[in-house]
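The values are calculated or read from the model by the stated rules, or taken from the named source; none is laboratory data. Source: prediction; values computed, not measured. A quick note on method: Cβ atoms are made from the backbone with ideal geometry, for glycine too, and the neighbour counts reach across all protein chains shown. Please note that ligands, DNA and RNA were not included when accessible areas were found on the heavy atoms of the full protein model with its side chains. Shrake-Rupley method; radii C 1.70, N 1.55, O 1.52, S 1.80 Å.
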Amino acid sequence: MLIPNMNYSHLKDSYLFYNIAQRTKAYLAAHPDKHLYRMGIGDVSLPLCDAVIKGLHRAADDQARADTFNGYMPECGAPFLRTAVAEHYRSRGIALADGEVFISSGASDELGDILDLFDRSDRSLIIEPAYPAYVDANIIGGREIVHLPSSRENGFLPLPDEGTEAELIYICSPNNPTGAVYDREQLKKWVDRANANGSVILFDAAYEAFIEDERLPRSIFEIEGARTCAIEICSLSKTAGFTGTRLGYTVIPHELVRCGLRLNDMWVRSRTTKTNGVSYIIQRAAAEVFTEEGQRQTAENIAVYKENARTLMQALDTLGIWYTGGRNAPYIWLECPDKMGSWEFFDLLLNKAQIVGTPGEGFGKCGEGYLRFSTFGSPEDTRKAAQSLITLLG
Ligand code: PLP
């Protein structure tokens with residue numbers, strides 16, 4: 001008799017975004033004339049920049065002519081894009097070989113697939129509140145999860161201590177949902193712990209492009225010792241608006257060896273078995289992001305989201321509400337006023353200020369009492385939402 005992967009039955013229903021959608025729908029049905037300020041979801045609102053669009057068009061034309069047509073792409077990524085990504089790291093002082101960069105269809109795909117490299121008995125440490133996919137991918141894989149709750153007291157940036165033994169360590173910095181960013185000294189502690197224990201850090205750098213404080217690390221490989229204990233998973237989704245275009249990259253250093261096996265070699269084997277590469281057209285467009293012009297244009301888009309963050313942070317400062325994030329991340333994680341619960345505050349904002357946030361409780365139990373604002377909306381909506389917030393709570 002066939003037995004399906006019973007771990008799926010252990011997944012909790014993804015009630016967070018469903019619940020938000022239901023409450024939002026009910027509000028709009030009762031108030032059809034109202035406009036909602038949607039600051040809940042983490043999807044971008046600005047279109048792809050001009051350099052990327054031109055790259056897409058040129059690549060589409062390449063596919064129309066026999067002499068420039070491309071069939072299957074190399075499974076680990078087109079050499080031109082692996083080089084462009086590696087060069088991007090090298091330009092920031094991080095020594096990386098092209099063969100250490102793997103091109104993917106996005107960070108989500110990789111965060112799930114990468115678990116193939118590890119034994120089922122390896123435990124996963126997840127710092128909470130957390131991006132829900134970490135938890136679910138590990139439940140599906142039947143892995144033991146070691147939950148490490150964080151709090152306002154440690155700035156939502158917990159450090160390794162005796163109670164946190166695990167073979168795999170997820171670190172997301174800048175963090176979704178809290179927007180908190182580890183500094184070099186803090187990351188060094190995680191790296192040292194991982195090297196001492198033989199653990200592997202899965203470093204999610206999806207929001208690295210939002211770091212403006214130059215003292216903060218944008219890559220785990222800025223930290224000494226990381227090449228023997230870390231894998232970095234990154235994405236152009238938020239950096240360059242590729243949420244619907246899809247492109248990510250994963251860095252696995254050659255020195256990362258466990259039980260005599262090189263994880264880089266294993267990943268080559270995995271990719272050549274399980275994928276046939278990412279679309280040529282998308283890879284060409286992605287390469288444009290790493291050109292001088294692409295970097296300038298994507299930075300312009302990020303600046304728009306950063307201005308949104310400043311608008312919201314000013315409103316919160318005016319109201320004396322505690323928050324983290326916003327400065328080096330596209331998320332603001334705020335404490336609900338008057339000791340309100342996450343959903344209570346969500347309902348208040350929806351009903352009285354037409355603002356849709358994301359209740360912190362949806363990212364793990366220790367997120368109760370907090371709410372996340374995304375800064376990816378339009379500047380006009382963000383300004384009006386900030387004003388509406390001040391009117392409601394001021
Ligand atoms: N990692 C984090 C922390 C995210 O917030 C997201 C998307 O919101 C992803 C990864 C997924 O990125 P991608 O669009 O590349 O799959």
Contacts under 8 angstrom Cβ, first residue in segment 184-197 being closer than 13 Å to E165 by Cβ and in the same structural domain as D213 (by TED's automatic domain parsing), partner among the acidic types (D, E) and not in a helix (DSSP H, G or I), 6 or more apart: N197/E165; N197/E167
Return only the number of the condition from (1) touching a Leu at 6+ places or on another chain (Cβ under 6 Å); (2) within 11 Å of the ligand (Cβ to nearest atom); (3) among the β-branched types (V, I, T) that T239 does not satisfy. (1)
Mind telling me which of the residues D43, D136 ends up being within 14 Å of the ligand (Cβ to nearest atom), surrounded by fewer than 22 Cβ atoms within 10 Å (Cβ to Cβ) and not assigned by TED's automatic domain parsing to the domain that holds M266? D43
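Listed here are the residues, each with its yes/no results for (1) out of contact with any Leu (no Cβ under 7 Å at 6 or more places or on another chain); (2) in a helix (DSSP H, G or I).
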| position | (1), (2) |
| --- | --- |
| P4 | yes, no |
| R23 | no, yes |
| Y27 | no, yes |
| P32 | yes, no |
| K54 | yes, yes |
| A60 | yes, yes |
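Got a sec? Which of G362, G341, G326, G357 is small (G, A, S) and surrounded by fewer than 20 Cβ atoms within 10 Å (Cβ to Cβ)? Give the derivation first.
Working: G362 fails: surrounded by fewer than 20 Cβ atoms within 10 Å (Cβ to Cβ); G326 fails: surrounded by fewer than 20 Cβ atoms within 10 Å (Cβ to Cβ); G357 fails: surrounded by fewer than 20 Cβ atoms within 10 Å (Cβ to Cβ).
Selected residue: G341, the only one of G362, G341, G326, G357 that is small (G, A, S) and surrounded by fewer than 20 Cβ atoms within 10 Å (Cβ to Cβ).
Here are some residues: E165, E87, E153. Which one is open to solvent by 30 Å² or more (accessible area, probe 1.4 Å) and touching a strand residue (DSSP E or B) at 6+ places or on another chain (Cβ under 8 Å)? Steps first, please.
Numbers: E87 fails: touching a strand residue (DSSP E or B) at 6+ places or on another chain (Cβ under 8 Å); E153 fails: touching a strand residue (DSSP E or B) at 6+ places or on another chain (Cβ under 8 Å).
One residue alone meets the criteria, E165.
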Any hit, segment 281-293, residues being within 21 Å of the chain's Cα centre (by Cα), away from the ligand (no atom under 16 Å from the Cβ) and open to solvent by less than 10 Å² (accessible area, probe 1.4 Å): no
Here the qualifying pairs (Cβ atoms under 6 Å; residues six or more apart or on different chains; first in segment 220-236 and on the phi < 0 side of the Ramachandran plot and within 16 Å of the ligand (Cβ to nearest atom); second of a type in the set (D, E, K, R) and part of a helix (DSSP H, G or I)) come out as I233/E110
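Only one of G77, G71, G55 is in contact (Cβ under 8 Å) with a residue 24 or more places away in the chain, of a type in the set (G, A, S) and either on the phi > 0 side of the Ramachandran plot or open to solvent by 10 Å² or more (accessible area, probe 1.4 Å) (or both). Can you tell me which?
From the options G77, G71, G55, the qualifying one is G77.
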Taking the criterion of being open to solvent by 10 Å² or more (accessible area, probe 1.4 Å), within 16 Å of the ligand (Cβ to nearest atom) and either farther than 21 Å from G112 by Cβ or in contact (Cβ under 8 Å) with a residue 60 or more places away in the chain (or both), would at least one residue in segment 263-277 satisfy it? yes
Give just the number: which of (1) under 21 Å from the mean Cα position of the chain (by Cα); (2) surrounded by fewer than 22 Cβ atoms within 10 Å (Cβ to Cβ) does R296 not satisfy? (1)
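In segment 10-21, which residues are within 16 Å of the ligand (Cβ to nearest atom) and in a loop (DSSP other than H, G, I, E, B)?
Answer for segment 10-21, where residues must be within 16 Å of the ligand (Cβ to nearest atom) and in a loop (DSSP other than H, G, I, E, B): just S14.
Going by what's in this entry, would D122 be described as among the acidic types (D, E) and either assigned to a helix (DSSP H, G or I) or at pLDDT below 95 (or both)?
Working: among the acidic types (D, E): yes; either assigned to a helix (DSSP H, G or I) or at pLDDT below 95 (or both): no.
No: the conditions fail for D122.
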